[in-house]
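To start, the structure itself, in structure tokens.
The values are calculated or read from the model by the stated rules, or taken from the named source; none is laboratory data. As the structure is a computational prediction, the values presented were derived from the model and not from experiment. Cβ placement follows ideal geometry from the backbone for every residue including glycine, while neighbour counts extend to all protein chains displayed.
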Amino acid sequence: MRQGRIGSVELLASGAVERHASGRLTIATPGPGFTDFTGAVAEFVRGSGIRDGLVTVFCRHTSASLTIQENADPDVQADLMTALDGFAPRGAHYVHGSEGPDDMPAHIRTLVTDSALSIPLVEGRLALGTWQGIYLIEHRDRPHRREIVMSVIGA
């Protein structure tokens, strides 16, 4: 088996954890799809005064989820929604259906995505790649209000 070449580790920051901040954000979704809230996370980090550390973003729901994904081409989001629809289709004969036909597929989609994300902070900025954004994915058919909890630690 071929393996890639691993480079040396570049130390970006080192020191004691000096600060902590936490916050809450509500996102009103329009229904199924992606909502980019990278800017809100960056604003929270700026307000914390922490320059180097780690921010954790957590979704308090079981029928919506989080992801870091392509932020330049909206076709990527359309294709991802199509893939999730194929993976956990509405109308399949699920046992759990008391909350509507879109509920169990939403739980399955959340199972294969994320409820929490951790993003490093370097020199006061989210250490995301050029084409990366932070998204809430709404898996239900109707609009919902989703609560996100954020926590940042560092110096």
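A few points about this structure:
- Residue satisfying condition, being β-branched (Val, Ile, Thr) and touching a residue at least 40 places away in the same chain (Cβ under 8 Å), within set Val76, Val95, Val152: Val152
- The one condition in (1) more than 18 Å from Ile27 (Cβ to Cβ); (2) among the β-branched types (Val, Ile, Thr); (3) at pLDDT 95 or above that Ile134 fails to fulfil: (1)
- The stretch 29-58, subset in contact (Cβ under 8 Å) with a residue 24 or more places away in the chain and of a type in the set (Asp, Glu), residue surrounded by the fewest Cβ atoms within 10 Å (Cβ to Cβ): Asp36
- Filter result for Gly15 (of a type in the set (Gly, Ala, Ser), under 23 Å from Thr130 (Cβ atoms) and over 21 Å from the mean Cα position of the chain (by Cα)): no
- Ala88 being over 29 Å from Thr130 (Cβ atoms), out of contact with any strand residue (DSSP E or B) (no Cβ under 9 Å at 6 or more places or on another chain) and exposed (fewer than 12 other Cβ atoms within 10 Å of the Cβ): no
- Tally, over the stretch 126-143, of residues that are surrounded by 14 or more Cβ atoms within 10 Å (Cβ to Cβ) and more than 18 Å from Thr67 (Cα to Cα): 1
- Within the span defined as the stretch 72-89, one or more residues are among the small types (Gly, Ala, Ser), modelled with pLDDT under 95 and touching a Lys or Arg at 6+ places or on another chain (Cβ under 8 Å).
- Contact map, the stretch 15-28: residues that are surrounded by 16 or more Cβ atoms within 10 Å (Cβ to Cβ) paired with residues that are not hydrophobic (A, V, I, L, M, F, W, C), Cβ distance under 6 Å, separation 6+ or inter-chain. Pairs shown: Ala21/Ser48; Ile27/Thr35; Ile27/Arg146.
- Scan of the stretch 114-125 for residues that are exposed (fewer than 15 other Cβ atoms within 10 Å of the Cβ) and either charged (D, E, K, R) or under 15 Å from Gly31 (Cα atoms) (or both), ordered by number: Glu123, Arg125
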